[in-house]
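Here is the structure we will look at, set down as C-alpha cells.
Bear in mind that the values in this text are calculations on the coordinates, not laboratory data. Source: prediction; values computed, not measured. Cβ atoms come from the backbone with ideal geometry, glycine included; neighbour counts cover every protein chain shown.
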Amino acid sequence: MIKFFSKLYKSTAEDFYGELHGRLERGERTFIVTANPEAFMFGEGDPEVEALLTDEATSVVADGIGIVKGASMLGINLPERIPGVDIAQRLMEQGNELKKSIFLLGSKQEVLDAMVKVMAEKYPHLTVAGAINGYVPDKDAAFEEIKKATPDIVLVALGIPAQEKLIYKHLFCFEKGIFVGVGGSLDVLSGTKARAPKFFIDHNLEWFYRIMKEPSRIKRFYNSNVKFLFKVKKLAKENNK
Ligand code: UDP
C-alpha cells in the first residue's frame, strides 16, 4: 500500500493541469490514474492493478479525499484533491485551445450523445475522433478502433478498475495520447447527472452526496473506504514505532 502512496502526484491541481497542457501539446503518451481508496484496495489484491499503479509510465493523482487524508496519516503532504471530473473537463478545454482530438469509450449511449453535443457547443475546435459506449461486448475491439483513430485524448468511462486495466493493456501500442479512466465523469459533464453542489465539493463531501443520491453505493463504500482506513491506520502505527 505504501508504494501506491509514494507514487502520488504531490503538487497542486493547477500545477498538474499545467503539466498536462505541456504533454498534450508535445503529444507525449500519458496515463493518468485518478485514485480513490477503492483503487488502492484493488491494487492490494489484484496484481494487474498493482502493476499499473506502480508503473513509471503512470501518473497517479488523488481523486478521493480518503487518499489525501490517508497520505497525511502516513506523513505525505498532498495539497488537495485532483478530481477526475475536473481533469476530464480541463482536457477538453485544453484540447479545444490546442485544436486536438478526443475519443470517448464508455458510459451509456445517451450520455455519449449528450456529451458529443456539449463538446460541439463548448469546444468547437476539439475534434471528436470517435465515441463508443461502454456496453459493447468487446472492449478490446473498441480499443482497436481507438488505435486507428490516433486521438490526442482518450477518456475511458467504465468504472474502476475495468477502465484502468483496459487502458494499461493497450497503452504501449500508442505513440501518443493522454489516457484517463474517468469513472462517472461523462455522466456529469454531459449534464445527464448532477455533480454534487459546491458546498459538498468545497467541504470534501462529494462522496457523501453520491451515497445519498445512490444508496446502493454504500456497500461499495464500506468495502473500500472503511477497510482502507483501518489499513492505513495500522500502517501509520507501524511507521511510528
Ligand atoms: N459503465 C459502462 N459499462 C459498464 C459499466 C459501467 O460504460 O459495463 C459506465 C457507467 O455508465 C458510468 C461509469 O461506467 O458512466 C462508471 O461510473 P461510476 O459512477 O460507477 O464510477 P466511479 O466514478 O464511481 O468510479
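Per-residue ellipticity at 222 nm, computed for the chain from helices alone with -39500 (n - 2.57) per DSSP H run of at least four residues, works out to -15500 deg cm²/dmol. Extension gain, VAL118-ILE76: 0.36 nm per intervening residue step, less the Cα-Cα distance, totals 11.3 nm.
Taking GluC sites (Glu not before Pro) as exposed when DSSP calls them loop (any state but H, G, I, E, B) and at most 15 other Cβ atoms lie within 10 Å, what is the longest stretch of the chain free of them, the sites themselves excluded? The longest such stretch corresponds to 81-174. For LYS169 and ASN240, a Förster radius of 30 Å and the Cβ-Cβ distance give a FRET efficiency of 0.15, rounded to the nearest 0.05. The long axis of helix 109-122 is offset from the longest Cα principal axis of the chain by roughly 70 degrees. For region 1-160, lysine pairs with C-alpha atoms less than 18 angstrom apart, excluding pairs fewer than eight positions apart on the same chain, total 13. Taking 7 Å steps out from each Cα toward its Cβ at GLU56 and MET212 produces label points 4.6 nm apart. Protection proxy ranking of 5-11, 229-235, by the mean of other Cβ atoms within 10 Å over each peptide's residues and highest first, is 5-11, 229-235. Applying 1/(1 + (r/R0)^6) with R0 = 45 Å to the Cβ-Cβ distance of LYS99 and PHE199 gives a FRET efficiency near 0.80. Sparse packing (at most 15 other Cβ atoms within 10 Å of the Cβ) combined with a DSSP loop state is found for the following chymotrypsin sites (Phe, Trp or Tyr not before Pro) in region 127-211: TYR135.
If R0 is 22 Å, the Cβ-Cβ spacing of GLU44 and LYS219 corresponds to a FRET efficiency of close to 0.75. If the chain linking ASP140 and VAL226 were pulled fully straight, counting 0.36 nm for each residue of separation and taking away their Cα-Cα distance, it would gain 27.6 nm.
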